[in-house]
Each structure stands twice: as C-alpha cells, then as structure tokens.
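Before any comments, here is the structure.
The values are calculated or read from the model by the stated rules, or taken from the named source; none is laboratory data. All values reported here derive from a predicted model rather than from experimental measurement. Using ideal geometry, Cβ is built from the backbone for each residue, glycine included, and neighbour counts are taken over all protein chains shown. Just the protein is used for accessible areas: all its heavy atoms, side chains included, with ligands, DNA and RNA removed. Shrake-Rupley method; radii C 1.70, N 1.55, O 1.52, S 1.80 Å.
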Amino acid sequence: MLKNTANRYGIVAKGFHWVLFLMLSFSIVAGNFLASMPKGVEKMQAAGMHKSFGAILLMLILMRFLWKLINEAPGLPAGTTPMQAIMAKGMHWVLYALMFAQPLSGVMMSQAAGIPVSFFDIFEFPVFLDKSIETAKFFRGMHGTVWVLLVLSVVGHAGAALHHHFIKKDNVLKQMTAGA
Ligand code: HEM
Ligand code: HEM
C-alpha cells in the first residue's frame, strides 16, 4: 500500500506527486504575482511568505526524491521500446532537476542579495554565498527561467500520460491515480 509495487505507485509516491503538483502550481502563480508587485513593505511581506512556502517545497521535494531512491519504479507497459524507456526515465530525472533548481535558485538569489532566508521567522537557513550583486542577478535570471522550463516539461509529461490513457488505453495514468 505505502510502497510502490511492480505495477503501481504506492500511496506515499502518489501523495507526493499530487500534493507537489498543487503546491508547485500555486507557487508559480504566486511567484509571478510577487515579481509584478511594486517595491515596498507589502512586497517584502509577500516575498517572506513566498520564500518560506518555497522552503517547505524544497523539503518536500527532497523527501520525495529520497523516497523514490529507496522504492522500485513500476514497470513500463508491454511493447515499450528501449529508447522509449530511456526517454520516460530521463524525463523523470529532468523533472526532479527542475523541481530542485527552482527553490535552490531562489535561496541563492536571496543569499547573494544579502537577505538571509528565514522559515516563517522560526529559523534562518545557513548562508552559503557572500553578498554579490552579479551572483544575485545570475540566480534571479535562473529563478525566472527554470519555472518556464518546468511548465513546458510538465505539459509534455502530462500530455504523454493522457496519450497513454485515452489513445493507448494502458495503465500508465491509473498507476499514479486511484485506478491500478
Ligand atoms: C518551488 C518553489 C518556488 C517556486 C515554484 C517559485 C516560483 C517563482 C516564480 C514563478 C517567480 C517569478 C519569476 C519571474 O518571472 O520574475 C518567483 C519570484 C521570486 N521568488 Fe520564487 N519560487 C520558489 C521558491 C523560492 C524560494 C525558496 C525563494 C527564496 C528563498 C524565492 C524567492 C523569490 C523572489 C525574491 C522572487 C521575486 C523576484 C523579483 O522580484 O523579480 N522563491 N518565484
Ligand atoms: C508539477 C507538475 C508535475 C511534476 C513535477 C511531475 C513529476 C513526475 C515525476 C518525477 C514522476 C516519476 C515518479 C516519481 O518519482 O514520483 C511522475 C510520474 C507520473 N506523472 Fe507526473 N508530474 C507532474 C504533473 C503531472 C500531471 C498533471 C499528470 C497527469 C495529467 C501527471 C501524470 C503522471 C503519471 C501518470 C506518472 C506515472 C507514469 C510515469 O512513470 O511517467 N503528472 N511525475
């Protein structure tokens, strides 16, 4: 039930997948709203919330990744070619890399700008980077680019899942929902 089996994802992997789908979608919309706000106290407060929420996301992504590493992956549908298998697995690694890069670039951007990242004012993350406007600009650019790549990859990923479900009529989508 909790762990994955050879033909479906377990409850934990499904929970991580769909909770993170909702939280990432929300955070992308909220981040864009934040970037459009004029400088001032309200923006500072909104940025504090966005960063703390992003820190929760980073921890969830890390926990999900560790869970993936200690779990088997369900098998691919019969008739999958070796090339398709490499593409399917490769896409999962790309999605993890982008999921990690989004909050990490946010933390780096803030640290390089000389603003330590606090978790809802409860504790502060250790500072890894010296203050540097150039470095802050670099990570800000990265933070503004990675989410676009994530959205594009997810469109392809969800499109593939729907193609399996409605055209190929196999179990791929059901493995990640209530079905299989
Ligand atoms: C997975 C978690 C996160 C997502 C999905 C996310 C998403 C976004 C997006 C879409 C933007 C708008 C970027 C643009 O086009 O200019 C943004 C802005 C921003 N994010 Fe994040 N973010 C996350 C985590 C973080 C973290 C952890 C921090 C810092 C610790 C952070 C700091 C910021 C700041 C300061 C801005 C405003 C930049 C500006 O004013 O241009 N974000 N975020
Ligand atoms: C933020 C958006 C999303 C991300 C980052 C994401 C990421 C992932 C990752 C990394 C996996 C591999 C299993 C794992 O390690 O948990 C996976 C599996 C899966 N995802 Fe998503 N996903 C997203 C949205 C969606 C959506 C919208 C759908 C459906 C329309 C979907 C359908 C599936 C299915 C069916 C699987 C299992 C089949 C497979 O192994 O490819 N995902 N997803």
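Cross-link partners for LYS39 among the lysines, with Cα-Cα distance under 21 Å and sequence neighbours closer than 8 places in the same chain left out: LYS51, LYS131, LYS137.
Which whole-number percent is the relative contact order of the chain (Cα, under 8 Å, 6+ apart)? Each step should come with its number before you reach the end.
Numbers: 169 pairs, mean separation 43.4, N = 180.
After rounding, I find 24 percent.
Over 17 Å apart: what share of the alpha carbon pairs of segment 1-48 falls there, rounded to a whole percent? The proportion of pairs with Cα distances above 17 Å equals 53 percent.
When the Cα atoms of segment 59-112 are enclosed in a convex hull and the volume is divided per residue, what value in Å³ results?
Working: hull volume 4.4 nm³, N = 54.
Here the figure is 82 Å³ per residue.
Projecting each Cα onto the charge dipole of the chain (Lys/Arg +1, Asp/Glu -1 at the beta carbon, about the Cα centre), which of GLY90, ASN71, TYR9 comes out farthest on the positive side? Towards the positive end, the residue furthest out is TYR9. Quick one: of LYS14/LYS169; LYS89/LYS174; LYS14/LYS89; LYS14/LYS68; LYS68/LYS169; LYS14/LYS174, which pairs are farther than 22 Å apart, Cα to Cα? Beyond 22 Å: LYS68/LYS169.
Using helices alone, what [θ] at 222 nm do you get for the chain, with -39,500 (n - 2.57) per DSSP H run of 4 or more residues, divided over all residues and rounded to the nearest 500?
After summing the helix terms and dividing by residue count, I get -24000 deg cm²/dmol.
For segment 1-75, the set of trypsin sites (Lys or Arg not before Pro) satisfying both a DSSP loop assignment and a count of at most 14 other C-beta atoms within 10 Å is given as LYS3, LYS39. Projected over every direction and averaged, the convex hull enclosing the alpha-carbon atoms of the chain yields 12.0 nm².
The average projected area of segment 77-175, computed from the convex hull of its Cα atoms over all directions, is 8.7 nm². Compared with the dominant Cα axis of the chain, that is its longest principal axis, helix 133-163 is turned about 20°. Charge dipole (Cα centre; +1 on Lys/Arg Cβ, -1 on Asp/Glu Cβ; no other charges) of segment 128-174 amounts to roughly 180 debye. Between helix 11-36 and the chain there is an angle of about 40 degrees, using the helix long axis and the longest principal axis of the Cα atoms. Distant-in-sequence amide contacts of THR5, defined by a placed amide H-H separation under 5 Å and a gap of 5 or more residues or a different chain, comprise GLY10.
With protein chains left intact and a 1.4 Å probe, residues in segment 52-176 average 61 Å² of accessible area per residue.
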